[in-house]
Number of protein chains: 2
Amino acid sequence: MARDPKHDVLFEPIRIGPKTLRNRFYQVPHCNGAGSEKPNAQAWNRAMRAEGGWGASCTEYCSIHPESDDTMRISARLWDEDDVRNLSLMCDKLHEHGALAGVELWYGGAHAPCMESRCVPRAPSQLPSDFEHLTYPKEMDKDDIREVQGFYVAAARRARSAGFDIVYVYGSHSYLPQQFLTPFYNKRTDEYGGSFENRARFWRETIEQVREAVGDDCAIAVRISTDMFMGEIGTQLERDALPFVELVDNLVDLWDVNVSGISEWGEDATPSRFYESGRQLPWQGRVKQVTKKPVVGVGRFTSADVMAEAIRSGKLDIIGACRPSISDPFLPTKISEGRYDDIRECIGCNICVSRWEIGGPPAVCTQNATFMEEYRRGWHPEKFTKAENADNDVLVVGAGPAGMECAMILGKRGMRRVHLLEAEKEMGGIMRWIPLLPGLGEWARVVNYRKIQIDKLKNVELIPSTRADANAVLKYGAEIVVIATGAYWATNGLNGATSEPIPGADASLPHVLTPEQIMVGGKEIPGERVVILDNDGYFMGVSLAEKLATEGKQVTLLTHLGEVAPYMKFTLELPNMLRKLHSLHVNIVTHAMLQSIEPGRAVSYHVFDPEHLTEWDADAVVLITQRRSNEALYRELKDLGTDALRSEGIIGLYRIGDCLAPRMVADCVFDGHRLAREIDSPDPAVPKPFLRDRKVIELLRA
Amino acid sequence: MARDPKHDVLFEPIRIGPKTLRNRFYQVPHCNGAGSEKPNAQAWNRAMRAEGGWGASCTEYCSIHPESDDTMRISARLWDEDDVRNLSLMCDKLHEHGALAGVELWYGGAHAPCMESRCVPRAPSQLPSDFEHLTYPKEMDKDDIREVQGFYVAAARRARSAGFDIVYVYGSHSYLPQQFLTPFYNKRTDEYGGSFENRARFWRETIEQVREAVGDDCAIAVRISTDMFMGEIGTQLERDALPFVELVDNLVDLWDVNVSGISEWGEDATPSRFYESGRQLPWQGRVKQVTKKPVVGVGRFTSADVMAEAIRSGKLDIIGACRPSISDPFLPTKISEGRYDDIRECIGCNICVSRWEIGGPPAVCTQNATFMEEYRRGWHPEKFTKAENADNDVLVVGAGPAGMECAMILGKRGMRRVHLLEAEKEMGGIMRWIPLLPGLGEWARVVNYRKIQIDKLKNVELIPSTRADANAVLKYGAEIVVIATGAYWATNGLNGATSEPIPGADASLPHVLTPEQIMVGGKEIPGERVVILDNDGYFMGVSLAEKLATEGKQVTLLTHLGEVAPYMKFTLELPNMLRKLHSLHVNIVTHAMLQSIEPGRAVSYHVFDPEHLTEWDADAVVLITQRRSNEALYRELKDLGTDALRSEGIIGLYRIGDCLAPRMVADCVFDGHRLAREIDSPDPAVPKPFLRDRKVIELLRA
């Protein structure tokens, strides 16, 4: 299938100052966990975007000085010449693929905790960060302003020396330039505070100085937040952002336009739960109206139609992407070749973001198991070697996220035949019903992508509506068997907080329910008053609370944790989730654990005072306590022993996904992918070692 | 002053299996943030303990396999030969100083989130971690048990190859061996679960195998938790720990005895707020009664009398230390030389622990600013070079933590005269009154240590009861001026959450109070009903709530955060703090911010629904909103300009500590220390670069 001509606009080159972008696909700065300290991981990851057709790829936010140290979070850094060496590798690899390399110069101001450098960050006014706990800046005087501007200039020169084509003076997500621009952070009474002209002064001067330093050799980009959604005290489009664009338009080669501050940056890196693709377009379009320079912007764009329309309608010149380029590094190539249905679309779950928020781990992606595995495991998202044992048949039992991914990759690795056995009529496993929770519809893309791919693979066949027992597996005729039978929510209240079931918790009773019973089984929820016990702390408890409250139930949500759904802080979903639950009058009770359940009644205790009991009138109790692997089939087969399996022709028996241990969908997809990538290794059950991209001491001893 | 002969027992060598410990001082495994990935930082830090007289120094917990990956937290690792190289540096340096090197082999079971390796950890039963959020293990079958035991053996061999003298089979803090031993984690019905013999089997076998592998070359140590304080379901001393000691006593060379699990490991790494030194002695003494092998154990010991008595009374053979060895690496040397009053005693604030809990940053210490700076900044805790500009006088204005530290280090660096000017009668700054908060008495050691040291320094003089204005400073006659005038709590409700004052917040009124007014000023708190607003989230809000509730007030504690005092999770103080506030009937309200204050009344709003107001009857409102630097004196001097200062003979003007930006005491001490260390650098105001102990790519380009 050829490319639709209406998408040709996406492939027109465009000038960015002294540089030329080969098309309209641009990976804007986003974190991946590599920073400057894992230089190979950084370079390989960005280069994969270039190989996949992106015209430019950028670092994450890149600290210009130890005063802007975000540890425990991982940023790139251009503090010294060794950082130049490390980031030059990324530039070289991008250039090999014909892409531009961008770097986002970052000074955090009030938001840089400096836990590694132990420096004191500087900011327009002495207000503690509304994002980083207990982080206070020094209030800048004129000398401070000159010095910090000097840091920008020095870092820009290092960036040029490393080979970067595009140098950002980053001013969104509430970092320093936005702090100066915005009354929330800027309480100054001198010429750097007060009027628009004064609030804009620091940023304008800094852009001037950076342009002066490197502007003939590099394009100067500015990332600007156009609205903080805070009213008068926040950054505002008409009052602040548009005048600023006009003020410095002659100095800037590229405008990277987004929204939000940092304390609620889920307004920018929008979870699909709350926002559809392109939510920033109205703001981006307004900037387009006032600038003469190209505008790039994100919007979690995965549809070529939407992208082309954004350009044709004059809202954007260049399609920016973070998450869609993570989910599919080859998105531009696939559009270029008209392979639209091969696009692995971002689901907007923000698991990638969560790892930055946690600080330290590499980013991961629910859809793309190869993300951040390009260097350390040598995985390419689109290239697959033929398995050395491809002359075998594989039976994959269970077509959930892990099973689908494993079957698909085994198919791409050329296994003779792959049968994907599924008890239900459709593939998907838990991802058949999780997308039915409020707001999670886009998560169904996990199934859609794999269904399409598997349909295309001649050597992979879905066998639906078929439940296999051990005997059926033994007699199936496949040499390799992969069990991917998933997990289930405990029906008896078993949980990690007490490690025991809860008295009276029995989901065979009418008034006790599990998530599957509600979402799949159609079990009726008796009465009006529902108590939900959430020992999980991610999306299930709050999603069911929202669903049941929306359906008119009076919902009480108990958790033994100190906060409800703490993981959703990391996915940036929590603030709007709490707003929603509050508006639905869900009664949230923290530090509470159920002691017992009876018809019509549940009793909880305070986790720091077990004698302190509370009785709840409860027509129904929903148990979100813990999950357990569905491992019966695997156990039965494995316990037969290797000899018995071999006598039936089975040379390999493995299990993956929730069947091994209940995990996030991203981890299940990874698990299925990993097994398929290593199905011809000496012991496929054990992951092969990966390159750790670390310093190694020379042994001095003999 | 000579050593008291009753302390001689601390300096008797003792056999640990095939090795000899030169004395009774032993740095047990504890984290420092270096792991295996920052090998120089790791080696220099541990070697400083050896240089300071500790007979042994150990790694932190050391992962034996990628399945036990604690990222975002930092552990040591012995996954491969490159890890061997990196950790061998530590061993070599310890041996140079005559100390033994220990390594704590660690497999986390249910508690290892594996966010870097993406492996699945294995555990006795499939229960999600009660510590690491959303972390599920695979339930081990017999093959799993054999494989994981094989990981221990392989790692032990690597440890031997790296040069370690002592190899731990670590089984406390709820990690894998303790999980097998303990009913909370072990629900098995096979020969590895149920009876004591069965629950002990995994650990016994593992110790046997490690001993078999390396036991002639290395001493085998076991760290065992003797009580989880959970009743029947937790580890118990008499039922589990003592029988286990007896069971494997012949295989073990050293018992490292502590208490607790991991979910409340503040019961072991005890904050001074809740426990005095030596709280583990009763458990350690019981183990001593049943073992023939030496027993080491921690107890936050800083007193030589207490240490010697612990040995003489038969409770311990060897004094274990984490925090006291962080606070003073030279504690053994100082005892040995009878320099008791030179000991820099741990205050039990657990800031060191907090950085491990946060995950990523190097550990820091309130008392010892040189901790983890041994390699990267080349700082030695006891050695100081004479400053190149020592022929100058220094005036330090303000004798708080930063000022005291700075004056002391400047004195040790041989400055001609250092005058430490203090407005109050005594030195200490905020540390004069913070230790008066409930439970924080030991924090006064920050002042005591520095007072004693300064008293000894002939070139440093405290000038008390003297408040200097700019003119007085100008005329003082010192060439170098350091302003350390601290910070104060905002009196008008200014805060980082809204960046504005709160209407009606005016601490000049009788019903509105700041922490200083209560603790220092003696301002009376009117009435019974007190509303405390905590926008800070560390110790001040909850401490005042405890104090006022204890004094009989009805206390409501509001915070805009989702949890009260979230930083106290990291210092391990939160669970017992919440128990205490609960027992005192303090009403905690989260996600609440004050809208206005009037006499007798305060109105709060829900931060996710500003229209949702709550009225509080409030006879008094306490504002813990934000701090501001006391920078007036510094500003006045600096704004005179360099020429004006020079005309008065002042060649350097600096500011440090809270006067620069309000911070934790640890950071203020560091700041004062840093300036003094670098007072003769080209620009003392700017910290010199530090070595980053990282991988650097060779530049391939010309």
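Listing for the model above:
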| read-out | value |
| --- | --- |
| Residue within segment A:379-392 that is under 20 Å from the mean Cα position of the chain (by Cα), within 13 Å of chain B (Cβ to nearest Cβ), at negative phi and modelled with pLDDT of 95 or more present | yes |
| Criterion violated by A:Q149 - all others in (1) open to solvent by less than 10 Å² (accessible area, probe 1.4 Å); (2) closer than 25 Å to B:R627 by Cβ; (3) among the polar types (S, T, N, Q) satisfied | (2) |
| Every residue from segment B:174-197 that is in a helix (DSSP H, G or I) and buried (at least 17 other Cβ atoms within 10 Å of the Cβ) | B:L176, B:P177, B:Q178, B:Q179, B:F180, B:L181 |
| Yes/no for B:R663 being closer than 17 Å to B:V364 by Cα and part of a loop (DSSP other than H, G, I, E, B) | yes |
| Segment B:624-642, residues that are open to solvent by 40 Å² or more (accessible area, probe 1.4 Å), more than 10 Å from chain A (Cβ to nearest Cβ) and not polar (S, T, N, Q) | B:A632, B:E636, B:L640 |
| Scan of segment A:34-52 for residues that are within 21 Å of A:T370 (Cβ to Cβ), open to solvent by 10 Å² or more (accessible area, probe 1.4 Å) and either free of Cβ contacts under 8 Å to residues at least 60 places away in the same chain or assigned to a loop (DSSP other than H, G, I, E, B) (or both), ordered by number | A:K38 |
| B:G102 more than 9 Å from every other protein chain (Cβ to nearest Cβ), at pLDDT 95 or above and in a loop (DSSP other than H, G, I, E, B) | no |
| Some residue of segment A:464-473 being under 33 Å from the mean Cα position of the chain (by Cα), within 30 Å of A:E382 (Cβ to Cβ) and at pLDDT 95 or above | yes |
| Scope segment A:666-683; condition assigned to a loop (DSSP other than H, G, I, E, B) and either open to solvent by 10 Å² or more (accessible area, probe 1.4 Å) or over 23 Å from A:N630 (Cα atoms) (or both); matching residues | A:E678, A:D680, A:S681, A:P682, A:D683 |
| Selection within segment A:645-662 - over 11 Å from A:P684 (Cβ atoms) and either under 22 Å from the mean Cα position of the chain (by Cα) or surrounded by fewer than 24 Cβ atoms within 10 Å (Cβ to Cβ) (or both) | A:L645, A:R646, A:S647, A:E648, A:G649, A:I650, A:G657, A:D658, A:A661, A:P662 |
| Residue among A:L691, A:L645 that alone is assigned to a loop (DSSP other than H, G, I, E, B), in contact with a helix residue (DSSP H, G or I) (Cβ under 8 Å, 6 or more places away or on another chain) and either facing chain B (nearest Cβ under 8 Å) or not acidic (D, E) (or both) | A:L691 |
| Close pairs from segment B:414-428: first at positive phi, partner open to solvent by less than 40 Å² (accessible area, probe 1.4 Å) and outside any loop (DSSP other than H, G, I, E, B), Cβ under 6 Å, at least 6 apart | B:G428/B:V447 |
| Matching residues in segment B:608-623 - criterion: being open to solvent by less than 40 Å² (accessible area, probe 1.4 Å) and within 12 Å of chain A (Cβ to nearest Cβ) | B:F608 |
| Qualifying residue in segment B:538-550 (condition: in a helix (DSSP H, G or I), β-branched (V, I, T) and open to solvent by 20 Å² or more (accessible area, probe 1.4 Å)) | yes |
| Filter result (in a loop (DSSP other than H, G, I, E, B), within 11 Å of chain B (Cβ to nearest Cβ) and buried (at least 23 other Cβ atoms within 10 Å of the Cβ)) within segment A:557-601 | A:H560, A:V564, A:A565 |
| Some residue of segment A:143-152 being part of a loop (DSSP other than H, G, I, E, B) and of a type in the set (A, V, I, L, M) | no |
| Criterion violated by A:A110 - all others in (1) surrounded by 24 or more Cβ atoms within 10 Å (Cβ to Cβ); (2) away from every other protein chain (no Cβ under 11 Å) satisfied | (2) |
| Test: residue in segment A:270-291 that is closer than 21 Å to A:N186 by Cα, β-branched (V, I, T), at pLDDT 95 or above and surrounded by fewer than 22 Cβ atoms within 10 Å (Cβ to Cβ) | no |
| Any strands (runs of 3 or more DSSP E) falling wholly within segment B:402-510 and containing at least 2 residues that are open to solvent by 10 Å² or more (accessible area, probe 1.4 Å) and in contact with a strand residue (DSSP E or B) (Cβ under 7 Å, 6 or more places away or on another chain) | B:417-421, B:460-463, B:487-489 |
| Filter result for B:G35 (assigned by TED's automatic domain parsing to the domain that holds B:S325 and on the phi > 0 side of the Ramachandran plot) | yes |
| Only one of B:E528, B:E500 that is charged (D, E, K, R) and more than 14 Å from chain A (Cβ to nearest Cβ) | B:E528 |
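For (1) touching a Ser or Thr at 6+ places or on another chain (Cβ under 6 Å); (2) closer than 26 Å to A:R160 by Cβ; (3) of a type in the set (A, V, I, L, M), each residue gets a yes or a no:
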| site | (1), (2), (3) |
| --- | --- |
| A:D70 | no, yes, no |
| A:S75 | yes, yes, no |
| A:N86 | yes, yes, no |
| A:L89 | no, yes, yes |
| A:H95 | no, yes, no |
| A:P124 | no, no, no |
| A:T135 | yes, no, no |
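So that you can scan it fast, the table gives a plain yes or no per residue for (1) more than 10 Å from chain A (Cβ to nearest Cβ); (2) more than 29 Å from A:W356 (Cα to Cα); (3) open to solvent by 10 Å² or more (accessible area, probe 1.4 Å); (4) among the polar types (S, T, N, Q):
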| residue | (1), (2), (3), (4) |
| --- | --- |
| B:W54 | yes, yes, no, no |
| B:I64 | yes, no, no, no |
| B:D69 | no, no, no, no |
| B:W79 | no, no, yes, no |
| B:R85 | no, yes, yes, no |
| B:K93 | yes, yes, yes, no |
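The values are calculated or read from the model by the stated rules, or taken from the named source; none is laboratory data. Note that this is a predicted model, so its numbers are computed, not measured. Ideal geometry is used to build each Cβ from the backbone, glycine not excepted, and the neighbour counts take in all protein chains shown. We work out accessible area using only protein heavy atoms, side chains counted, and drop any ligands, DNA or RNA first. Shrake-Rupley method; radii C 1.70, N 1.55, O 1.52, S 1.80 Å.
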